[in-house]
Amino acid sequence: MNTGDTIVAISTPPGAGGIGIVRLSGPGSRAIAEGLVRFSPVHEWMPWTASLGILIDENGEDVDQVVVTFFAAPRSYTAEDVVEISCHGSPVVLRHAVSRALGLGARPAEPGEFTLRAYLNGRINLPQAEAVRDLIHSTTLYQARVAARQLEGSVARALQPAKDQVLELIALLEAGIDFADDDVAVAANEVIRERIDRILTLLEPLIRSFGFGRFVHDGVTLAIVGRPNTGKSSLFNRLLERDRAIVTEIPGTTRDTVSETASIAGLPVKFVDTAGIRQTADVVERLGIDRSYQAMADADVTIVVVDLSAPLTGDDRLLMDKAQSSGRHLVAANKVDLPRLVPAAPGWMPVSALTGEGMDALRVKLVETISPGGAQADLSGLITSARHEQLLRESAEALRRAREAAGFGLPHEMLLLDCYAALRPLDAITGATTVDDILNRIFSTFCIGK
């Protein structure tokens, strides 16, 4: 991939629409646009200005009236000259514009190449580039808000204090080793351990935030299980706020899993309605029950539905035990609108899937189950990428090794190996640290060579 080329692509989704945009980026953007569009005789390329023009074909014949916007380097998305041609959203017109641009010297942009150029040209960092993808693929407003914060640089800002302290620790150790003749004191091991503890105090909350952040990024899978006729499908429909699953009084109506995605408190939740679990000789129903157990195993959260208007059975208790052993779970005590034969146990959520009673409280409890901190956690320190979480864990583990080595009184050269091992994962998120960065910290912090 030659990043010095001028690239072109359609920037709007496929299909017909009111507006379609063809984007050019690179040194030849303006020259190619002048071959595509006939401007007025007095037209001048003014940065961040829109101009009216006529898209023409090879013979100079009019094709479409367009608006051309010019973004001058380096103040553009890619930090290169960028020209955006807004046409009417006919696929034929857009393909014509791209074809003509290719004939005038542009090449087709590779997938994600505009954002890649923004990253390579220092316009955005790697977490911001990843946030562009997340923002495009967001399915809820909350996901979009999180991605927008990350696009503004929230991940790098959250990590920067910890990275700065790692660099300061490295500078302290390097100075004590390399400049001992210049009266630079060697740091005491207890001071080193205290510094490492402060860094870990910054990293560990970020690592823990992924427990909720992964649900924001990937969504939540929620399985609704219970005996036949406890109201699972009615609860499923009530949570979705529409009739999606068939509901009858006949036991065993649901014989396979039924899934649908909706938003709860901004989180994309995939609800899975399952077959009623009971002892049966019916082969088809048995297969559905097996899938119900598999749905429980695959789910992030399980709602066990029990019927307060009927006595508890061994199947009810078995399901509650299985859900408890699998992790996050809730018990929805359904049919509170009917006379109760079973008192609701502590922690159960009393609801009526028929009338809607208790559903708001169930939704709130569901969000609390997914994230003890709630969905409105501090967005500035939220880690949503599995890659980032793994790198932060690697950095924290290296720091713990350095802390242990300092406790044993090992030479500082050995501690430095672990400190650099802690820095590399942070660099993989925020960008590389150069030797000059470390030297500048050493010489700005200590009076060396005075």
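Here, each number is a calculation from the coordinates, and none is a lab measurement. Keep in mind the model is a prediction, meaning the values are calculated, not measured. Because the Cβ atoms are built from the backbone with ideal geometry, glycine has one as well, and the counts that use them run over all protein chains shown.
A few points about this structure:
- Taking other C-beta atoms within 10 Å as the exposure proxy, E389, E194, E34 rank E194, E34, E389 from fewest upward.
- When C419, C87 are arranged by Cβ crowding within 10 Å, least crowded first, meaning fewest neighbours, the order is C87, C419.
- Share, in percent, of DSSP beta bridges within the chain that are antiparallel, nearest 5: 65 percent
- Amide H contacts of V66: G53, I54, L55, each under 5 Å away and 5 or more positions distant or on a separate chain (H built 1.01 Å from N in the peptide plane; Pro and chain starts excluded).
- FRET efficiency for V364 and L135, using Cβ-Cβ distance with R0 set to 22 Å, rounded to 0.05: 0.20
- For region 76-83, backbone phi angles converted through the Karplus equation (6.51, -1.76, 1.60; θ = phi - 60°) give residue-by-residue couplings of 9, 4, 9, 6, 10, 4, 10, 10 Hz, Gly and Pro being listed as x.
- For I303, the amide hydrogen comes within under 5 Å of the amide hydrogens of A223, I224, V225, L330, counting only partners 5 or more places away or on other chains and with H modelled in the peptide plane.
- Relative contact order [Cα under 8 Å, 6+ residues apart], region 7-120, whole percent: 33 percent
- Sorted largest first, extent of region 7-120 alpha carbons per principal axis (Å): 39, 34, 25
- Helical contribution to [θ] at 222 nm, DSSP H n ≥ 4, -39,500 (n - 2.57), averaged over the chain, rounded to 500: -15000 deg cm²/dmol
- Cα gyration tensor shape of the chain, rounded if a/c is under 1.5, else prolate or oblate by comparing a/b with b/c: oblate
- The alpha-carbon of K322 sits under 29 angstrom from the alpha-carbons of these lysines, leaving out residues fewer than 8 places away in its chain: K232, K270, K335, K365.
- Helical segments meeting 30 Å axial Cα length and Kyte-Doolittle -0.5 threshold in the chain (DSSP H): 154-178, 189-218
- Here's how it looks for S263: its modeled amide H is under 5 Å from those of V269, which are all 5 or more places away or on a different chain.
- Length-normalised contact order of the chain in % [C-alpha pairs under 8 Å, at least 6 apart]: 14 percent
- Global form of region 110-170, assessed from the alpha-carbon gyration tensor, a/c cut-off 1.5: oblate
- Exposure proxy ranking for S29, S209, based on other Cβ atoms within 10 angstrom of each Cβ and starting from the fewest, stands as S209, S29.
- Under the convention that each Lys and Arg Cβ holds +1 and each Asp and Glu Cβ holds -1, the size of the dipole of the chain around its Cα centre is about 1120 debye.
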